[in-house]
Amino acid sequence: MRAAGCQGERVITSARTGACAYCRGGFGVSVLAALFLATPLAAGAADKQTVGFVMTGWRLAVNETEDGKAECPAGFQYSNLDNWKVQYPTEAERDKMHQEFGFRQNRGKDGENVWLYPDTVTDPLPFREVQSKIGIGVNLDGTQDGAATPTSCVHEKFVSPEGQTGIDNQLYRVLGCQKPFRRGGMFDTRFSNEKKVEPFARFLIEISDIDNLENDASVIVTTFKGSDKLVADAAGNVIPFSSQRVDERGPQYIHRTRGRIVNGVLYTEPMDILFAAAPNGFPSETYLQDMRLQLKLGDTSAQGLMAGYHDLRQWWKAFVKQTMSLEHVTQISAPGVYQAIIRLADGHKDPATGQCKSISAAYEVSFVRAFIVHPDMKSELQVVAQSGQKPLAAASK
Amino acid sequence: MNKKLLYSGLGAAVVLAAAGGALWLLGRNSEPPVKGGPPTARLISSEQYAHAISYVFGPDVKLPGSFPPVQRTNGLVALGTAQAEVTTSAAELYVQSARSIAAQATDPTRRDFLMNCAPAQPPQDACARNVLTRYGRLLFRRPLTDAELNEALGKVQETTRVSGDFYQGLASGLTSFLISPEFLFFIERTEPDPKSPHHVRLNPSSMATRLSLLLWDAPPDEDLLDAAEKGELYTKHGLERQVDRMLASTKLEQGVRSFLIDMLVFEKFDSMTKDPVIYPAFTDKVAVDSREQTLRTLVDHLVVRDLDYRDIFTTRRTFMTGDLGMVYRVPVDRPDIWTPYEFPADSGRAGVLTQVSFLALYSHPGRSSPTQRGRAMREVFLCQVVPTPPPDVDFSKFEAAATTATTARERLTAHRKNPACAGCHKIMDPIGLALEKFDGSGTGRQRENGLPIDTSGDLDNVAFTDAVGLGKAMHDDPAATKCLVSRVFDYARGYKASSGDNAWLTDLNAKFAKSGYRLPALLRDIATSRAFYAVSATAVSAPGVDRAPAAPPLRTASIQ
């Protein structure tokens with residue numbers, strides 16, 4: 001076994017080789033280097049540092065004013081119940097619908113469940129998407145105006161609250177006027193708690209090949225799925241420096257990219273990642289393409305953004321799983337959301353049809369320092385090598 | 001040949017032959033004399049109670065709870081048990097516990113384990129007599145007298161008659177044993193010593209009990225009682241066979257754990273608190289784990305590996321859990337279970353003094369305390385007594401200093417400048433300050449309020465620069481091993497050694513050194529010695545009649 005994120009004191013004996021790996025100093029000497037000896041990355045890596053983090057919370061990056069008037073001037077989103085009432089305006093029609101199709105969700109043209117068949121009906125009430133120019137996120141397509149490119153569709157850009165232009169976050173445009181996704185809303189709360197209470201959704205990152213934690217032109221960033229518990233203090237805050245084992249059953253969740261640290265902020269290069277999630281207690285997976293992190297690194301924690309593109313098909317599947325059984329409390333209307341994500345999709349344009357197949361998104365994420373414990377580094381490297389990811393060696397310093 | 005030389009040679013041959021014929025006797029006789037203390041009556045501890053019930057009725061029998069703590073006396077709780085009484089409230093706990101245990105032992109799921117007869121077939125009295133004879137002997141640690149057996153049988157019959165249930169009757173009989181002073185107190189009895197007409201010796205069952213409490217912290221098992229009742233403990237071979245059997249048993253770890261809990265004053269964990277704002281990682285689980293970590297470390301070192309006692313101050317080998325790892329800030333391979341762990345050489349940690357249990361236990365709720373740590377080192381590991389502060393100390397002076405001082409060293413300088421405080425603080429603070437690179441929860445740190453921490457000092461003129469150096473100084477301090485020897489000897493006998501024991505303790509210390517400071521060897525030397533079993537009571541006037549100290553009164557009416 002080996003562990004990363006060592007601070008000060010540690011000897012670990014490798015279960016595989018019997019060799020010892022050492023960490024020392026403020027943030028620890030990289031043990032990754034010792035195990036990378038067979039790879040070009042190892043060259044000159046003897047004194048590198050490695051630090052680990054475990055995610056403690058994530059929420060859709062929703063820029064919201066107190067009363068919501070600025071971003072949702074017409075009000076918040078209509079619910080499934082609201083649309084159902086309009087769709088069946090009289091008591092007689094409603095009774096008939098109940099007798100024929102049962103639940104309110106089954107308001108498709110022929111009684112289809114509109115979560116499972118969202119294109120069988122168009123919501124009679126208008127879909128209220130975000131109208132504000134202010135949004136939180138990252139410039140994902142590289143344009144300032146959101147004009148179409150060979151890989152993206154035309155879309156409107158946001159300006160960040162700090163004034164940064166060119167921000168992409170179309171999922172905010174879709175969900176920003178949905179109460180459950182706003183601060184304190186049901187999904188917002190459950191997304192935040194998920195990382196604390198669901199070991200299934202444990203998300204780990206490891207930053208290695210570090211020369212300097214304040215400024216470093218090139219570091220390696222790897223994501224893992226963990227499975228260990230988090231421990232909270234009396235105030236409910238997650239305690240840092242727990243040991244988090246990489247879940248050996250989840251090689252598909254191991255992803256690696258390069259990054260840089262500028263004035264204590266980590267910026268990663270885009271990579272496609274799959275990670276486990278369970279926002280409402282329903283285990284699912286989230287696929288984020290061209291994902292990049294912007295994290296302010298602290299001694300015991302890190303905060304910032306995780307942004308990328310959600311594949312529409314995969315995102316919709318997860319959304320249905322998480323919301324369908326909660327229709328009566330979530331105030332969501334599935335047909336409106338479904339049609340909005342197709343209409344506002346801005347990434348991964350299909351050259352044949354011109355339709356974009358993904359939608360930009362950004363999440364506010366928080367981490368605390370942790371020791372990432374690796375059961376078997378060899379298999380881990382093989383997984384990365386076999387995954388067809390970008391050859392990091394070619395991009396080494 | 002010179003006649004004188006011939007006679008000398010013959011004389012030597014005679015002496016050698018005699019010695020060879022009775023080597024053990026000579027060996028025991030060669031022990032420095034000890035006066036021995038009076039027979040004791042020690043109250044059973046919660047741990048001993050649990051060990052007894054587990055052995056007699058099975059480990060799955062649940063105990064309702066623990067019993068009130070006993071006052072620590074002369075450095076050990078074990079010595080306090082010889083002066084303990086049972087209050088009314090405690091007696092009620094014993095009664096509740098006894099009823100619960102007896103009910104569990106006789107419930108349908110456990111009857112077959114308990115019974116070796118068929119009660120459904122008359123006469124039931126024979127079956128009850130059979131069960132009570134066996135379990136009464138185990139609980140009283142000696143054969144029952146006819147009067148005791150008949151009294152218990154009477155309870156069985158009466159309860160069976162009233163309830164119509166034989167097993168309720170049997171539970172009633174067992175309950176009467178479990179609330180008896182004969183079970184709740186280890187009452188030592190003497191008998192005339194046939195080898196010394198004017199002296200007495202412990203009777204066989206008292207000897208077996210003293211031995212079993214030392215090695216296992218539990219009452220004697222059936223093998224030991226059998227051997228004792230056959231008189232085997234009075235012979236060299238018989239005693240050594242039992243001692244070696246018990247030392248080889250896994251119960252030795254249980255016995256050593258109990259001694260360590262007592263020696264390390266671990267009942268302090270019951271009242272320890274930490275400020276959750278200052279030390280958020282120090283959870284209740286960490287407190288429990290830190291206690292267990294030290295016990296595991298020491299039992300592994302002293303018993304499993306049978307290593308030098310002095311190395312407990314320098315070893316980097318320990319065990320770790322995920323929760324403890326957050327306080328030590330080290331990664332743990334298997335955070336969900338106890339995992340062997342070794343601190344690296346440059347970690348700044350070595351030995352029991354740098355473990356979280358010691359560092360946190362001897363700190364304030366919100367900051368470290370070099371004074372508490374220094375005092376504990378002196379008292380716990382060196383058996384030196386540090387007086388409490390004089391009653392007229394003006395603490396406001398030091399509190400004022402604390403508001404301006406940046407480091408603990410600066411704060412304590414004020415103490416050492418005050419003549420009323422200096423005497424004690426000079427022996428506590430320098431060694432306590434060596435641990436200042438660990439905060440009040442035991443987490444490592446390099447600075448205090450922005451200033452680098454100076455951990456240099458000396459232990460009785462042996463200089464060191466840090467906590468690891470302090471551990472080496474403790475390792476090399478002869479007072480540390482002498483302290484252990486005296487603690488074990490006091491713990492074994494239940495009373496503090498007196499000046500009359502000095503020669504024997506000197507001899508025991510020499511043997512301990514010769515063994516390489518191995519605890520099992522020390523325990524064997526004590527357990528096979530004459531001094532361990534010596535009693536000072538004078539000969540009884542009527543040979544054959546046991547004498548025993550009066551058991552402390554059970555001050556309750558409800559227990560009757």
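The values are calculated or read from the model by the stated rules, or taken from the named source; none is laboratory data. All of these numbers come straight from a predicted model, not from anything done at the bench. We place every Cβ from the backbone using ideal geometry, glycine too, and count neighbours over all the protein chains shown.
Any chance you could count how many residues in the stretch A:119-169 are outside any loop (DSSP other than H, G, I, E, B) and over 22 Å from the mean Cα position of the chain (by Cα)?
Filtering the stretch A:119-169 for residues outside any loop (DSSP other than H, G, I, E, B) gives A:119-120, A:134, A:138, A:149, A:152, A:158-159, A:167-168.
Filter again for over 22 Å from the mean Cα position of the chain (by Cα), leaving A:119-120, A:149.
Number satisfying all stated conditions: 3.
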Output for the stretch B:225-271, where each listed residue is touching a Phe, Trp or Tyr at 6+ places or on another chain (Cβ under 9 Å), closer than 19 Å to B:Ala531 by Cα and outside any helix (DSSP H, G or I): B:Thr235
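Surrounded by fewer than 16 Cβ atoms within 10 Å (Cβ to Cβ), among the β-branched types (Val, Ile, Thr) and either touching a helix residue (DSSP H, G or I) at 6+ places or on another chain (Cβ under 7 Å) or modelled with pLDDT under 95 (or both), is that true of B:Val488? Please lay out each step first, then the result.
Details: surrounded by fewer than 16 Cβ atoms within 10 Å (Cβ to Cβ): no; among the β-branched types (Val, Ile, Thr): yes; either touching a helix residue (DSSP H, G or I) at 6+ places or on another chain (Cβ under 7 Å) or modelled with pLDDT under 95 (or both): yes.
Considered against the rule, which asks whether it is surrounded by fewer than 16 Cβ atoms within 10 Å (Cβ to Cβ), among the β-branched types (Val, Ile, Thr) and either touching a helix residue (DSSP H, G or I) at 6+ places or on another chain (Cβ under 7 Å) or modelled with pLDDT under 95 (or both), B:Val488 comes out as no.
Out of A:Leu266, A:Leu213, A:Leu204, I need the residue that is crowded, with 22+ Cβ neighbours inside 10 Å and either within 14 Å of chain B (Cβ to nearest Cβ) or part of a loop (DSSP other than H, G, I, E, B) (or both). Which one?
Details: A:Leu266 fails: either within 14 Å of chain B (Cβ to nearest Cβ) or part of a loop (DSSP other than H, G, I, E, B) (or both); A:Leu213 fails: crowded, with 22+ Cβ neighbours inside 10 Å.
Exactly one residue qualifies, and that residue is A:Leu204.
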Since B:Val468 meets every condition but one in (1) assigned to a helix (DSSP H, G or I); (2) in contact with a Phe, Trp or Tyr (Cβ under 9 Å, 6 or more places away or on another chain), which condition does it not meet? (2)
Single residue of the stretch B:272-291 satisfying the filter (among the polar types (S, T, N, Q) and either within 14 Å of chain A (Cβ to nearest Cβ) or more than 20 Å from the chain's Cα centre (by Cα) (or both)) that is surrounded by the fewest Cβ atoms within 10 Å (Cβ to Cβ): B:Thr273
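Quick check on the stretch A:17-34. Is at least one of its residues closer than 30 Å to A:Ile372 by Cα, touching a Leu at 6+ places or on another chain (Cβ under 7 Å) and at pLDDT 50 or above? Give the steps one after another, and end with the answer.
Here is the first cut: in the stretch A:17-34, the residues closer than 30 Å to A:Ile372 by Cα are A:17-34.
Among the residues that remain, those that are also touching a Leu at 6+ places or on another chain (Cβ under 7 Å) are: A:27.
Remaining after also requiring at pLDDT 50 or above: none.
No, that holds for no residue.
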Pairs only if they're at least six apart or on different chains, beta carbon under 6 angstrom, first in the stretch A:235-259 and more than 10 Å from chain B (Cβ to nearest Cβ), second in a loop (DSSP other than H, G, I, E, B) and of a type outside the set (Lys, Arg); list them, first residue then second. A:Asp247/A:Ser227; A:Glu248/A:Pro375; A:Thr257/A:Glu269; A:Arg258/A:Glu269
Hey, can you tell me all the residues within the stretch A:217-234 that are among the β-branched types (Val, Ile, Thr) and within 14 Å of chain B (Cβ to nearest Cβ)? A:Val231
How many residues are assigned to a helix (DSSP H, G or I) and either at the interface with another protein chain (Cβ under 9 Å from one of its Cβ atoms) or free of Cβ contacts under 8 Å to residues at least 24 places away in the same chain (or both) when one looks only at the stretch B:306-333? 6
Looking only at residues that are in contact with a Phe, Trp or Tyr (Cβ under 9 Å, 6 or more places away or on another chain), part of a strand (DSSP E or B) and among the hydroxyl-bearing types (Ser, Thr, Tyr) in the stretch A:224-258, which one is nearest to A:Thr300 (Cα to Cα)? A:Ser242
Which listed residue is part of a helix (DSSP H, G or I) and at pLDDT below 95, from B:Ile526, B:Ile427: B:Ile427
Would you point out the residue of the stretch B:300-317, among those that are surrounded by fewer than 20 Cβ atoms within 10 Å (Cβ to Cβ) and of a type in the set (A, V, I, L, M), that is farthest from A:Pro199 (Cα to Cα)? B:Leu307
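Looking only at residues that are within 28 Å of the chain's Cα centre (by Cα) and small (Gly, Ala, Ser) in the stretch B:443-478, which one is surrounded by the most Cβ atoms within 10 Å (Cβ to Cβ)?
Pass one, the stretch B:443-478, residues within 28 Å of the chain's Cα centre (by Cα): B:459, B:467-468, B:470-478.
From what's left, small (Gly, Ala, Ser): B:467, B:471, B:473.
Numbers: B:Ala467: 24, B:Gly471: 26, B:Ala473: 21.
By that ranking, first place goes to B:Gly471.
Which of the residues that make up the stretch B:508-522 are touching a residue at least 12 places away in the same chain (Cβ under 8 Å) and either over 16 Å from B:Ala480 (Cα atoms) or small (Gly, Ala, Ser) (or both)? So that I can check it myself, show each step before the final result.
Pass one, the stretch B:508-522, residues touching a residue at least 12 places away in the same chain (Cβ under 8 Å): B:508-509, B:511-513, B:516-520, B:522.
Within the stretch B:508-522, B:Ala513, B:Gly516, B:Pro520 qualify.
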What about B:Gln157, is it crowded, with 16+ Cβ neighbours inside 10 Å and over 34 Å from the mean Cα position of the chain (by Cα)? yes
Quick one: which residue in A:Gly388, A:Gly304 is surrounded by fewer than 21 Cβ atoms within 10 Å (Cβ to Cβ) and modelled with pLDDT under 95? A:Gly388
Pull out all pairs, ordered by first then second residue, where Cβ-Cβ is under 7 Å, the residues are six or more apart or on different chains, the first lies in the stretch B:94-111 and is of a type in the set (A, V, I, L, M, F, W, C), and the second is at pLDDT below 90 and surrounded by 13 or more Cβ atoms within 10 Å (Cβ to Cβ). B:Val95/B:Ile559; B:Ala105/B:Leu114
Can you tell me which residues in the stretch B:318-341 are touching a Ser or Thr at 6+ places or on another chain (Cβ under 7 Å) and surrounded by fewer than 18 Cβ atoms within 10 Å (Cβ to Cβ)? B:Trp338
Just name the residue that is surrounded by the fewest Cβ atoms within 10 Å (Cβ to Cβ) out of those in the stretch A:75-88 that are over 19 Å from A:Gly185 (Cα atoms) and of a type outside the set (S, T, N, Q). A:Val86
Of the residues in the stretch B:334-365, how many are over 16 Å from B:Ile431 (Cα atoms), part of a loop (DSSP other than H, G, I, E, B) and either in contact with a strand residue (DSSP E or B) (Cβ under 7 Å, 6 or more places away or on another chain) or within 14 Å of another protein chain (Cβ to nearest Cβ) (or both)? 11
